[in-house]
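The values are calculated or read from the model by the stated rules, or taken from the named source; none is laboratory data. Source: prediction; values computed, not measured. Positions of Cβ are generated from backbone atoms using ideal geometry, with glycine treated the same way; all protein chains shown enter the neighbour counts.
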Amino acid sequence: MNQERKITFKNLLSYGVGDIFGGGSFVVINLLFIYFLTDIAKLNPALAGLVVLVGKAWDAISDPIMGYISDTTRSKYGRRRIFFLLGIFPIILSFIAMWLPFASSSQIIKFIYYACAYVFFSTAFTMVMIPYSALNAEMTREYKDRTRLSGARLIFSQFSSLLSGTIPKMIVDAFPDKGQGFIVMSIIFSIFFALPWIIVFLGTWELSDVKVENKSLADFFKNLLVIWTNKSFRVHIGLYICAYSALDLIMAMFIYYLTYYIQKPYIFTRCLGAMLVTQVLFLPVYVFIANKKGKGFSYRVGVSIWAIALVSTLLFDSSTPFQYIIALSVCMGAGMSAGTMIPWAILPSVTDVGELITGKQQAGVYAGAMTFIRKLVQAIVLAVFGLVLQTIGYKANTVQSPETLEYLRLLFALVPSTLMLCGILISLEFTITPVTHPILIQEINRLKSGGRKDAVEPFVKKICEVLTGHKYENLFKKQ
């Protein structure tokens with residue numbers, strides 16, 4: 001296809017709808033799956049938790065392997081887009097399978113069934129989301145267009161999060177038989193998550209100059225190590241971990257903070273809704289800032305707002321008026337918007353830096369590594385949070401001690417904001433900007449067309465070394 005093909009509004013929508021699945025599916029799972037396993041499927045709570053852990057362990061294997069498969073696939077539809085079609089039926093079947101009330105008197109058999117169903121779902125998720133994450137870098141080389149694609153993706157992601165956080169429980173509660181309610185919910189949302197991939201397939205493309213290279217699985221795992229020599233990737237992962245760890249902690253603690261410290265559990269849905277709606281509304285703002293001042297700058301602006309809003313909760317208590325808490329939620333959503341969008345907007349540019357290092361476009365490797373790191377960090381953060389709750393003396397469904405409430409207040413305000421401060425400091429090292437990125441692309445194209453390294457302009461050489469963390473003479477060597 002033509003490398004100069006323009007990104008239209010239709011293409012933005014077509015690409016963006018893919019994250020209806022990515023943004024919504026795990027919201028449903030995080031909110032309802034453990035409850036379903038324990039209260040509907042009657043699985044032992046310890047085994048219910050183990051079901052999710054089995055899925056995370058499988059992700060550690062499947063994510064990088066899918067990156068390898070995506071990078072080496074050859075088809076008339078490209079190496080990424082073919083998986084959008086292949087993944088439609090696995091998404092539907094696997095999501096429904098997770099919510100079937102499996103009848104067995106044996107806890108072990110039940111555990112095996114739901115563990116397999118969850119692994120099946122995780123595989124279907126990986127099958128489409130890793131090629132999808134890599135596609136941004138292979139639809140266009142333009143810095144601003146990539147940012148627009150990432151913004152469109154996050155808009156649909158947050159839209160899906162809103163729907164997935166509210167409607168599934170309403171569907172389940174509409175049925176006297178909760179098991180039947182979960183089946184109906186799973187059918188509706190499996191279709192909601194699966195059908196948009198047809199639109200993604202039809203409305204996207206892959207650049208014709210991206211070559212599919214033959215490489216073994218061993219070479220792929222070697223490349224997983226090579227990507228860590230990419231300075232821009234290391235900085236990018238730092239931003240990603242700081243923002244998303246803060247997000248995971250806030251989402252995990254928010255209900256405890258409102259229920260026990262603010263003593264207004266009934267406002268949780270409204271606060272969460274205000275936060276997510278504001279997050280969507282501010283996405284175009286951060287896209288605009290990123291395209292004018294750079295993604296690192298946009299990240300700093302948003303995360304600073306987010307951190308200030310969190311620290312201000314130190315002034316709140318149970319007497320704080322409801323409108324103040326809603327205003328806080330709006331401010332948090334305004335800052336959170338950049339923290340969740342910018343790391344994904346950065347990924348395509350980081351893969352370009354990787355191409356300058358190795359001479360190969362390896363978007364699948366980078367997307368696989370990023371997806372795996374996200375899942376791993378989330379599992380660690382939530383596990384640590386559970387231990388912290390126990391350490392501070394938290395007891396479920398009862399009045400908490402003053403000491404426990406004070407710990408909750410301090411944890412909610414200070415721990416995520418500390419992570420954000422770390423992200424802000426790390427972002428100062430991120431040097432891919434609207435100025436340096438076109439120079440990076442021009443140098444890649446010059447070298448690909450046979451340009452000599454000793455003919456490089458001095459300022460271009462310096463920019464390449466700053467972005468990659470390598471001496472210029474060592475760049476563009478096939479790994």
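Listed values, structure above:
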read-out: Test result for Thr140, within 19 Å of the chain's Cα centre (by Cα) and over 30 Å from Cys271 (Cβ atoms); value: no
read-out: Odd one out for Cys422, checked against (1) in contact with a Cys (Cβ under 7 Å, 6 or more places away or on another chain); (2) not in a helix (DSSP H, G or I); (3) not acidic (Asp, Glu); value: (2)
read-out: Conditions (1) part of a helix (DSSP H, G or I); (2) surrounded by 23 or more Cβ atoms within 10 Å (Cβ to Cβ); number of the one not met by Arg80; value: (1)
read-out: Candidates Gly423, Gly393, Gly450, filtered to the one that is surrounded by fewer than 18 Cβ atoms within 10 Å (Cβ to Cβ) and either within 30 Å of Ile255 (Cβ to Cβ) or in contact (Cβ under 8 Å) with a residue 12 or more places away in the chain (or both); value: Gly393
read-out: Lys462, sole failed condition from (1) in a helix (DSSP H, G or I); (2) within 27 Å of Val303 (Cα to Cα); value: (2)
read-out: Count - residues of the range 396-426 that are over 21 Å from Tyr240 (Cβ atoms) and either touching a Ser or Thr at 6+ places or on another chain (Cβ under 8 Å) or among the acidic types (Asp, Glu) (or both); value: 5
read-out: Residues within the range 353-410 that are over 19 Å from the mean Cα position of the chain (by Cα), of a type in the set (Gly, Ala, Ser) and either in a helix (DSSP H, G or I) or modelled with pLDDT of 75 or more (or both), tallied; value: 5
read-out: First in the range 319-331 and at pLDDT 95 or above, second anywhere and of a type in the set (Asp, Glu) and not in a helix (DSSP H, G or I), Cβ under 9 Å, 6 or more apart; value: none
read-out: Residue in the range 26-39 that is at pLDDT 90 or above and of a type outside the set (Gly, Ala, Ser) present; value: no
read-out: Restricting the range 33-59 to residues that are in a helix (DSSP H, G or I), in contact with a Lys or Arg (Cβ under 7 Å, 6 or more places away or on another chain) and of a type outside the set (Asp, Glu), the residue that is surrounded by the fewest Cβ atoms within 10 Å (Cβ to Cβ); value: Lys56
read-out: Residue among Ile380, Ile346 that is on the phi < 0 side of the Ramachandran plot, aliphatic (A, V, I, L, M), assigned by TED's automatic domain parsing to the domain that holds Leu249 and in contact (Cβ under 8 Å) with a residue 24 or more places away in the chain; value: Ile346
read-out: Of residues in the range 460-473 being without any contact (Cβ under 8 Å) to a residue 12 or more places away in the chain and not acidic (Asp, Glu), the one farthest from Ile432 (Cα to Cα); value: Lys471
read-out: Qualifying residue in the range 165-174 (condition: touching a residue at least 24 places away in the same chain (Cβ under 8 Å) and within 30 Å of Lys295 (Cα to Cα)); value: yes
read-out: Candidates Arg5, Arg74 - the one that is assigned to a loop (DSSP other than H, G, I, E, B), surrounded by fewer than 23 Cβ atoms within 10 Å (Cβ to Cβ), at pLDDT below 80 and on the phi < 0 side of the Ramachandran plot; value: Arg5
read-out: Sole exception among (1) more than 27 Å from Thr204 (Cβ to Cβ); (2) part of a helix (DSSP H, G or I) for Gly67, by number; value: (1)
read-out: Phe121 being over 21 Å from Pro45 (Cα atoms) and assigned to a helix (DSSP H, G or I); value: no
read-out: Flag for Thr433 being of a type in the set (Ser, Thr, Tyr), at pLDDT 95 or above and closer than 26 Å to Ser337 by Cα; value: no
read-out: Ile65 vs. criteria among the β-branched types (Val, Ile, Thr) and modelled with pLDDT of 95 or more; value: no
read-out: Residues of the range 203-216 satisfying the condition of being modelled with pLDDT under 70 and in contact with a helix residue (DSSP H, G or I) (Cβ under 6 Å, 6 or more places away or on another chain); value: Val210
read-out: Members of the range 282-319 found to be over 18 Å from Ala246 (Cβ atoms) and either acidic (Asp, Glu) or not in a helix (DSSP H, G or I) (or both), listed by number; value: Gly294, Phe316, Asp317, Ser318, Ser319
read-out: Out of Phe233, Phe221, sole residue that is at pLDDT below 90, farther than 30 Å from Val28 by Cβ and within 23 Å of the chain's Cα centre (by Cα); value: Phe221
